[in-house]
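Take a look at the structure set out below.
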Amino acid sequence: MSGLEVRPKTPSAALLKIALSKGSLLGPTITALKAAGLDVGPLENPGRQLKLRAAGDVEYIIARPADVPTYVEWGAVDIGFVGSDILMEGKYQLFELLDMGLGRCKFVIAAAKGAPRDADGSNGPITIATKYPKVAADYLAREGLQAEIIKLYGAIELAPLVGLADRIIDLMSTGRTLAENGLEVVDEIGDISCRLIANCVSYKLKSSRINELVERLTERHR
């Protein structure tokens, strides 16, 4: 450590900087922004560009979902769009402004079909494989359960199939992947969707502009 104090950037007053998540949320988010009246032309064919300037003093960046809250928290952008699973797994100082209703899915616990559904750790710790160890730990604490958490990065459904874990905690949209791998849901943790988040300082400095966008995006649901 150098001993230097690293401070978040002070947002520029000239631009509204917006972070978009790569992947399945990108298209629906662009559609929502277009419906809200923002210029999304540069986003419709960005090529390999990750930072794009649009009309109306708007600048976009396209980032990995897991990185979007960090860009927002540290003031590299003013607002961002990201799945609430990322927010649940991290610990960020930012404002959550709006549930966009996009990319809806669920956090679930699943096990092999036919496995005991009442495993509570009384016969020794069970094992849970997941990409979300904090979500798993929070769930176990709430339920008063004991388990050993194994973090994985790839296809979590594989863990019970090879005997690595008794259960998994993961996102589920249709349940098809679980079913095709002989797994079934034994409990649900909560609903997940895309959220609009804001940098704390940006929200104070650009409150009128950000709130106007929130209102336009909210109109989509009316």
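The values are calculated or read from the model by the stated rules, or taken from the named source; none is laboratory data. Please read all numbers here as calculations on a predicted model, not as lab measurements. Positions of Cβ are backbone-derived with ideal geometry, glycine not excepted, and every protein chain shown enters the neighbour counts.
Would you confirm whether any residue within the range 195-212 is over 27 Å from residue 37 (Cα atoms) and either surrounded by fewer than 14 Cβ atoms within 10 Å (Cβ to Cβ) or in contact with a Gly (Cβ under 7 Å, 6 or more places away or on another chain) (or both)?
no
Taking residues in the range 55-69 that are without any contact (Cβ under 8 Å) to a residue 40 or more places away in the chain and not assigned by TED's automatic domain parsing to the domain that holds residue 43, and partners anywhere that are surrounded by fewer than 22 Cβ atoms within 10 Å (Cβ to Cβ) and of a type outside the set (Gly, Ala, Ser), not one pair has Cβ atoms closer than 7 Å while being at least 6 places apart or on different chains. Name the single residue that is farthest from residue 101 (Cα to Cα) among those in the range 27-59 being in contact with a Gly (Cβ under 8 Å, 6 or more places away or on another chain) and surrounded by 12 or more Cβ atoms within 10 Å (Cβ to Cβ). Selected residue: 54.
Within the range 66-84, if we keep just the residues that are touching a Phe, Trp or Tyr at 6+ places or on another chain (Cβ under 9 Å) and buried (at least 22 other Cβ atoms within 10 Å of the Cβ), the residue that is nearest to residue 43 (Cα to Cα) turns out to be 80. Residue-level analysis places residue 109 outside the set of residues that are of a type in the set (A, V, I, L, M) and not assigned by TED's automatic domain parsing to the domain that holds residue 182.
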